[in-house]
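The values are calculated or read from the model by the stated rules, or taken from the named source; none is laboratory data. For clarity, every value in this text was computed on a predicted model and none was experimentally measured. Reconstructed Cβ throughout: ideal geometry from the backbone, glycine too, with neighbour counts over all protein chains shown.
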Amino acid sequence: MTIYANRVKVLTSTTGTGTITLGAATNGHQTFADGGVTNGQTVEYVIEDSNAFEVGTGTYTASGTTLSRTLVESSTGSLLVLSGSAVVFLGAHASVFNKLDGIETGADVTDTANVTAAGALMDSELASEASVKALNQGVATTDSPTFAGLTSTSHVSLGDNDELSFGNSNDLIIEHNASNGDIRNITNDLLIRNLADDRDVRIISDDGSGGTADYFRADGSTGEAKMYYYGAEKLNTKSTGVDVTGGVTTSGEIGIGTGSPEALLHVADASGASDDFTALITAYRPNLTFQDNSSSATDWQVFVDGGEMQFRYGDADTGTKLANEAMRFDESGNVDISNDLSVSGGVDITGSASIVSADPYIALTDTDTGVDHDIDANSSVGNLVFNTDINSEGSDPTLLLRVQGITGVKVKRQGDVDITNDLSVGGGVVELSNMHLNGLQVTIASDAFATITPTGRYGGFLSVVCAGETTFPQMGLSGYALVDFGDTPLSPTGTQTTGSSFDVYTSGPPTGTTGTDSNIGLFLGGTSGSFYIENRRSSSSNFQITLL
């Protein structure tokens with residue numbers, strides 16, 4: 001609104017076309033402030049500089065006493081370039097009087113006892129504040145008024161499809177289109193701001209039961225953004241990440257640490273080599289279940305319980321621990337396999353291996369030859385059996401016992417046994433059957449004996465040389481015999497011994513303490529072509545046995 005003041009005229013030393021700095025009042029006049037003009041008010045001014053003039057509108061600034069310049073008319077057609085010796089005074093523009101003249105021309109007034117405008121109320125009829133407030137000041141819908149400001153103490157009502165537009169180019173539009181409410185932003189971003197401290201921005205909608213519930217909340221007191229399902233919180237952003245309540249379903253791929261996942265779940269760490277966790281499941285009895293959607297397929301599960309990790313299988317539709325255990329690892333690193341173990345490659349075991357089962361066995365198949373072997377523990381008998389070529393697929397199967405690559409014992413297909421070097425008998429009885437005796441070396445403990453059954457049934461010259469606990473023969477403990485293992489009864493046809501501590505007996509078998517104490521006994525009275533060597537000495541003794 002333009003302000004007018006009487007007798008306001010001042011000097012200005014301003015030069016150029018910029019804002020005027022107002023000086024002292026001329027003789028017989030007053031300054032802007034003395035005339036009642038206050039800071040920020042708009043005035044209509046006239047500048048005279050010698051023979052040039054400028055008429056315009058300006059805003060008065062009390063601090064510094066300046067006046068801005070907006071040109072209405074001038075003698076040059078533009079803002080004057082002031083010389084520094086101009087005067088400024090207030091004066092109404094001609095446009096103000098032209099507007100009044102137009103009002104007078106359009107007026108329809110009848111001069112009666114009081115002047116009354118035809119079809120309108122005159123000042124005489126607005127004698128009180130109440131009569132002014134009672135006026136119906138509506139605006140016709142056919143009008144297109146422009147308001148500098150609008151204040152309403154009641155509702156502002158717009159009909160269907162009536163738009164409330166904002167911006168010079170209708171940049172933001174709010175309307176109801178008879179079906180839906182519609183907010184449309186056309187230019188740049190749409191901002192929703194809450195400037196109140198520690199307060200929220202909420203999006204609330206129907207809760208499906210006639211009420212309302214939160215769907216989104218921007219929490220101004222915690223900085224969290226929350227999403228809800230019918231008012232129940234499901235997602236919450238925090239300073240440490242995102243909390244999700246409930247399950248997450250996705251139809252695409254999920255990448256953790258990568259923006260280009262190559263699988264349904266792709267976890268990537270490009271920070272370099274590290275011993276830090278890549279994935280962590282924290283729970284009581286944590287587990288990971290794999291459900292196969294194939295028809296009648298078995299599901300698998302990794303299940304951790306009490307410090308043990310179990311591999312289980314069964315039906316994952318139960319939603320709990322799968323019924324069957326295939327394998328487990330305990331906290332000491334031991335491995336327990338519940339059923340058969342089939343290995344197509346090698347197995348490296350550091351520690352002990354235990355197979356607990358009825359009739360347990362280890363099956364071995366040579367894929368080059370197709371020959372099958374097994375190691376079998378027969379629970380009904382108590383034997384441990386090494387079976388080579390159990391399906392008779394090999395050309396010459398042999399069981400070899402080797403130490404550091406050297407064969408010590410060779411068991412042949414016919415049951416023959418070859419012992420490469422010494423045979424040590426620690427105590428009790430050792431039985432050697434179907435063996436070729438050519439310098440066989442045997443160690444027999446004190447008060448123990450060895451049972452020897454040569455290959456075939458024949459006789460010959462039997463030599464038993466005892467070295468005692470040394471490597472040199474002791475002739476007093478050595479001897480020989482001529483034996484016949486032909487027809488039953490088995491008995492030597494002739495014997496001859498040497499050595500005072502070497503005895504030959506036609507009976508047998510001995511007990512370990514049958515012969516003379518401190519002597520070596522050769523017992524020839526065995527069955528099935530067997531003979532026996534008994535050591536009654538106080539210590540183990542070494543023997544070399546030859547049957548020619």
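Would you confirm, using the coordinates I've provided, whether Arg199 is part of a loop (DSSP other than H, G, I, E, B), charged (D, E, K, R), surrounded by fewer than 10 Cβ atoms within 10 Å (Cβ to Cβ) and at negative phi?
Values: part of a loop (DSSP other than H, G, I, E, B): yes; charged (D, E, K, R): yes; surrounded by fewer than 10 Cβ atoms within 10 Å (Cβ to Cβ): no; at negative phi: yes.
Considered against the rule, which asks whether it is part of a loop (DSSP other than H, G, I, E, B), charged (D, E, K, R), surrounded by fewer than 10 Cβ atoms within 10 Å (Cβ to Cβ) and at negative phi, Arg199 comes out as no.
Need the failing condition index for Ser205 against (1) assigned to a strand (DSSP E or B); (2) surrounded by 14 or more Cβ atoms within 10 Å (Cβ to Cβ), just the number.
(2)
For the structure I just gave you, tell me whether Thr222 is of a type in the set (S, T, N, Q), surrounded by 10 or more Cβ atoms within 10 Å (Cβ to Cβ) and closer than 30 Å to Asn168 by Cβ.
Working: of a type in the set (S, T, N, Q): yes; surrounded by 10 or more Cβ atoms within 10 Å (Cβ to Cβ): yes; closer than 30 Å to Asn168 by Cβ: no.
Criteria not met by Thr222.
Could you list, in sequence order, the residues of the stretch 265-282 that are in contact (Cβ under 8 Å) with a residue 12 or more places away in the chain and either surrounded by 10 or more Cβ atoms within 10 Å (Cβ to Cβ) or closer than 17 Å to Thr250 by Cβ (or both)?
Leu265, His266, Val267, Ala268, Asp269
Only one of Ala481, Ala467 is in contact with a Pro (Cβ under 7 Å, 6 or more places away or on another chain) and modelled with pLDDT of 85 or more; which?
On the way: Ala481 fails: modelled with pLDDT of 85 or more.
Exactly one of Ala481, Ala467 is in contact with a Pro (Cβ under 7 Å, 6 or more places away or on another chain) and modelled with pLDDT of 85 or more, namely Ala467.
For residues that are loosely packed, with under 13 Cβ neighbours inside 10 Å and assigned to a loop (DSSP other than H, G, I, E, B), tally how many sit in the stretch 19-41.
Matching residues across the stretch 19-41 total 5.
Filter the stretch 177-207 down to residues that are within 24 Å of Gly167 (Cα to Cα) and among the acidic types (Asp, Glu) and give me whichever is nearest to the chain's Cα centre (by Cα).
Looking at the filtered set, the residue picked out is Asp189.
Here are some residues: Gly210, Gly167. Which one is among the small types (Gly, Ala, Ser), at pLDDT below 95 and in contact with a Ser or Thr (Cβ under 7 Å, 6 or more places away or on another chain)?
One residue alone meets the criteria, Gly167.
Could you tell me which residue of the stretch 423-457 is surrounded by the fewest Cβ atoms within 10 Å (Cβ to Cβ), considering only residues that are in contact with a Gly (Cβ under 7 Å, 6 or more places away or on another chain), at pLDDT below 80 and not charged (D, E, K, R)?
Across the stretch 423-457, the extreme among qualifying residues is Asn434.
Kindly establish whether Asp368 is of a type outside the set (Gly, Ala, Ser), surrounded by 10 or more Cβ atoms within 10 Å (Cβ to Cβ) and outside the structural domain of Asn287 (by TED's automatic domain parsing).
Against the criterion (of a type outside the set (Gly, Ala, Ser), surrounded by 10 or more Cβ atoms within 10 Å (Cβ to Cβ) and outside the structural domain of Asn287 (by TED's automatic domain parsing)), Asp368 does not qualify.
Filter the stretch 285-307 for residues that are touching an Asp or Glu at 6+ places or on another chain (Cβ under 9 Å) and among the charged types (D, E, K, R); which is farthest from Glu331 (Cα to Cα)?
Restricting to residues being touching an Asp or Glu at 6+ places or on another chain (Cβ under 9 Å) and among the charged types (D, E, K, R), the top hit is Asp292.
Just one of the numbered conditions (1) modelled with pLDDT of 90 or more; (2) under 30 Å from Thr350 (Cα atoms); (3) surrounded by 14 or more Cβ atoms within 10 Å (Cβ to Cβ) is not true of Pro286; which one?
Just one mismatch for Pro286, condition (3).
Here's a check for you: in the stretch 79-114, which residue that is modelled with pLDDT of 90 or more and in a loop (DSSP other than H, G, I, E, B) is surrounded by the most Cβ atoms within 10 Å (Cβ to Cβ)? Before the answer, list the steps.
Here is the first cut: in the stretch 79-114, the ones modelled with pLDDT of 90 or more are 79-90.
With in a loop (DSSP other than H, G, I, E, B) added as a condition, the list becomes 79-81, 84-85.
Working: Leu79: 16, Leu80: 21, Val81: 11, Gly84: 11, Ser85: 11.
Step by step, filter the stretch 79-114, then rank; the result is Leu80.
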